[in-house]
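The values are calculated or read from the model by the stated rules, or taken from the named source; none is laboratory data. Note that this is a predicted model, so its numbers are computed, not measured. In this analysis, Cβ positions are derived from the backbone assuming ideal geometry, glycine residues included, and neighbour counts consider all displayed protein chains.
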Amino acid sequence: MGLPDHYLKMETFVPGEIEEIFAFFSNAQNLELITPPELNFSIISPLPIIMQKGTLIDYRIRLLGFTFHWKTLISKWEPKKKFIDEQLKGPYSKWIHTHIFEPKGKGVSIKDEVQYRLPLFPFGEIMFPFVRLQLKRIFEYRSLRITELFNVVD
């Protein structure tokens, strides 16, 4: 029996052209704009970062009061469709984040699908309810910031 994976899925709709929206996400520096400030997220890789399959990106992030070095690999890169970043080093035993972009009406549906595994099994599972809530809040913040940045008005 394998170790348990957990999943998070979010969807955000923004008006606009897929080229513009995908270009925003193709710029790794924009991740700082859509990450909650209390995470003290910062890119430590030299800038600019050319996003493509095989790109490695180093970040620093604070979770639960601890600062972590996070290294990701862009393992799949399909411009204007999707990309996948996978944690090579960081706070999770496994982290695979799929970003999907689908034209929809006069805008784009942005889907985030995260498959993750907590560290220190089985003890790490005790933290699952808290981690799940924290991740939900982080991705809700992300969705709110994306809609603000693309000037979405209800």
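Please indicate, with yes or no, whether at least one residue in segment 114-136 is in contact with a His (Cβ under 6 Å, 6 or more places away or on another chain) and closer than 29 Å to Pro4 by Cβ. Yes, there is a match, as at least one residue in segment 114-136 is in contact with a His (Cβ under 6 Å, 6 or more places away or on another chain) and closer than 29 Å to Pro4 by Cβ. Before we move on, is Ile74 in contact with a Leu (Cβ under 7 Å, 6 or more places away or on another chain) and part of a strand (DSSP E or B)? Here the answer is no, as Ile74 does not meet what is asked.
Kindly indicate the residue of segment 23-65 that is of a type in the set (A, V, I, L, M, F, W, C), under 14 Å from the mean Cα position of the chain (by Cα) and more than 16 Å from Leu135 (Cβ to Cβ) and also surrounded by the most Cβ atoms within 10 Å (Cβ to Cβ) among those meeting that condition.
Checking each candidate, the answer is Ala28.
Pairs meeting the criteria (first residue in segment 75-96 and on the phi > 0 side of the Ramachandran plot, second residue modelled with pLDDT of 95 or more and not in a strand (DSSP E or B), beta carbons under 7 Å, at least 6 apart or on different chains) are Lys80/Ile18; Lys80/Glu19; Lys80/Phe22. Of the numbered criteria (1) buried (at least 16 other Cβ atoms within 10 Å of the Cβ); (2) assigned to a loop (DSSP other than H, G, I, E, B), the one Gly2 fails is (1).
Taken over segment 107-130, the criterion of being outside any loop (DSSP other than H, G, I, E, B) and free of Cβ contacts under 8 Å to residues at least 40 places away in the same chain is satisfied by Phe123, Gly124, Ile126, Met127, Pro129, Phe130. Would you check which residues across segment 98-113 are crowded, with 18+ Cβ neighbours inside 10 Å and either within 15 Å of Asp5 (Cβ to Cβ) or of a type in the set (A, V, I, L, M) (or both) and list them? Selection gives Val108, Ile110.
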